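For reference, the structure is listed below as structure tokens.
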Amino acid sequence: MKAPGSDNNQEITTSRQISEEHFGRITGYLQKKYGLRIPAEKKVMLESRFLKRLHALNMNSFSSYLEYVFKEGKTDEYLNFIDLVTTHKTSFFREDYQFNFINKILPQYCPKAVGNHRLNVWSAGCSTGEEVYTLGMVLHEFKKQQSNFDYKITGTDISRPSLLKAATGIYSMEELQGLPNDLIKKYFNLQDDGKAVSFSNSEVKARIRLGMLNLNNPAYKLEGTFDFIFCRNVIIYFDFETQRKVLEKLVSKLRPGGYLFLGHSETAIGTTLPIRSIQPTIYQKLNL
Ligand SMILES: C[S@@+](CC[C@H](N)C(=O)[O-])C[C@H]1O[C@@H](n2cnc3c(N)ncnc32)[C@H](O)[C@@H]1O
């Protein structure tokens, strides 16, 4: 892709630093729009991420890059920009005690003897999909034991590149770390190049929906309520007020008796929300 105003033959002499003014503009914008808190210590990391992008676009200044990103009507580059300023670290069975917890409570939550159950699960801030497919494998295994059980998984994020990767279901061997071998054999096919695998269970895939959703939006346009909401390692990047508002909106989308799962360094303790703490990072909505 060629950026406007770029010069093919000109050697790129980009300043390696973002001016304080530009850094302030970027962080101010991200805080207002997404609730993201970007401390000054992150400036160097952002500079290195932006520089790579500037080189790829053959651009030579941060100001022209920002102009390009925020051009009227927002270019596709805006979506890459959002991807660059967010952290996408994730893995299969991350914080595996939470999936053990699900395995433990599912038989009581969806008792075999009581009619049909359709569990509605939301992975809010799903990144590249590892969390979504982990939930898919856990719920599919349970469905094999209980035929009147069914489920639907919604994965949302603000990063389009992450969601596109999630939709492919293709992962490198390194990205499978933490995934037991028997599950790799059951749920993944080796790609032709032998270097990556793809999630191959079409029954699970058919129950997964992915889409863009900014958790800082005033309301979430998602139908109905959820039995389980996973919002792990996402609110940690938000300022305090956004954390409070997001937790409130997440709990309002939770079915009474349903569960909220947060990341290991996140908490809902100290809020006045209608939830009770089951164990660190796991909360249940009260039946009021
Ligand atoms: C560190 S990843 C966590 C992935 C996964 N939940 C896990 O714990 O492994 C954080 C994700 O939150 C997303 N995110 C950040 N701000 C967001 C917002 N305002 N709304 C929705 N997603 C957001 C990022 O794009 C990123 O993919």
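The values are calculated or read from the model by the stated rules, or taken from the named source; none is laboratory data. Not measured: the values here are computed from a predicted model. Reconstructed Cβ throughout: ideal geometry from the backbone, glycine too, with neighbour counts over all protein chains shown. Accessible surface areas use protein heavy atoms only, side chains included; no ligands, DNA or RNA. Shrake-Rupley method; radii C 1.70, N 1.55, O 1.52, S 1.80 Å.
Given a 1.4 Å probe and the protein chains as shown, residue 45 ends up with an accessible area of around 70 Å².
Residue 114 contributes about 90 Å² of solvent-accessible surface, heavy atoms of the protein only, 1.4 Å probe. Taking the inverse of the average 1/r across all pairs of different Cα atoms in the chain, what Kirkwood radius in Å do you get? Computed over the chain, the radius equals 20.8 Å. Normalised by residue number, the volume inside the convex hull of the Cα atoms of region 83-212 is 107 Å³ per residue. Taking region 166-243 as the region of interest, the number of lysine pairs whose Cα atoms are within less than 20 Å, with members eight or more places apart or on different chains, is 4. Its relative contact order, with pairs defined as Cα atoms under 8 Å and 6+ residues apart, puts the chain at 16 percent.
Per-peptide packing, taken as the mean over residues of other Cβ atoms within 10 Å, places 115-127, 191-203, 57-69 in the sequence 115-127, 57-69, 191-203 from highest down. Put simply, the amide H of residue 154, placed in the peptide plane, has neighbours under 5 Å in 121, 122, 123, 209, leaving out anything fewer than 5 places away on its chain.
With a 1.4 Å probe and all protein chains left in place, how much of the accessible area of region 156-276 comes from carbon and sulfur atoms, in whole percent?
Carbon with sulfur: 53 percent of the solvent-accessible area.
Across region 117-128, rounded Karplus estimates of 3J(HN,Hα) from the backbone phi angles (6.51 cos²θ - 1.76 cosθ + 1.60, θ = phi - 60°) give 10, 10, 7, 10, 10, 10, 9, 8, x, 7, 6, 8 Hz, Gly and Pro being marked x.
The packing ranking, built from the mean of other Cβ atoms within 10 Å per residue, places the peptides 150-158, 75-83 in the order 150-158, 75-83, highest first.
For residue 213, neighbours were defined as the other residues whose beta-carbon sits under 14 Å from its Cβ, and their charges (Lys and Arg +1, Asp and Glu -1) total +4. Within region 97-285, antiparallel bridges make up roughly 40 percent of the DSSP beta bridges whose residues both belong there.
Rolling a 1.4 angstrom probe over the protein heavy atoms with all chains in place gives the chain an accessible area of 51 Å² per residue. With θ taken as phi - 60° and the Karplus curve 6.51 cos²θ - 1.76 cosθ + 1.60 applied, the whole-hertz 3J(HN,Hα) list for region 246-256 is 5, 4, 4, 5, 4, 5, 5, 8, 9, 6, x Hz, x standing for glycine and proline. The residue among 40, 78, 56 whose Cα reaches farthest toward the positive pole of the charge dipole of region 20-85, with charges on the beta-carbon of Lys, Arg, Asp and Glu, is 40. The distance from the alpha carbon centre of region 112-126 to that of region 149-218 is 18 Å, rounded to a whole number. A Stokes-Einstein calculation at 10 °C with viscosity 1.306 mPa s, built on the Kirkwood radius of region 20-85 over Cα pairs, returns a diffusion coefficient of 130 µm²/s. Treating r as the C-beta distance of residue 19 and residue 217 and R0 as 35 Å, the FRET efficiency rounds to 0.70.
In a fully extended conformation the segment linking residue 236 and residue 286 would gain 15.6 nm over its present Cα-Cα distance, using 0.36 nm per residue. Taking every protein chain into account, the 1.4 Å probe leaves residue 144 with about 120 Å² of accessible area, to the nearest ten.
Rounded to the nearest Hz, the phi-derived 3J(HN,Hα) couplings of region 184-194 under the Karplus curve 6.51 cos²θ - 1.76 cosθ + 1.60 (θ = phi - 60°) are 4, 4, 6, 10, 10, 10, 6, 6, 4, 6, x, where x marks glycine and proline.
Helix 130-145 and the long axis of the chain differ in direction by around 20°, with both axes built from C-alpha atoms.
Considering only 49, 244, 255, the Gaussian network model of the chain with Cα springs below 10 Å gives its largest mean-square fluctuation to 49. Note on exposure: 88, 264 ranked by accessible area (1.4 Å probe, complete protein assembly) read 264, 88, with the most exposed listed first.
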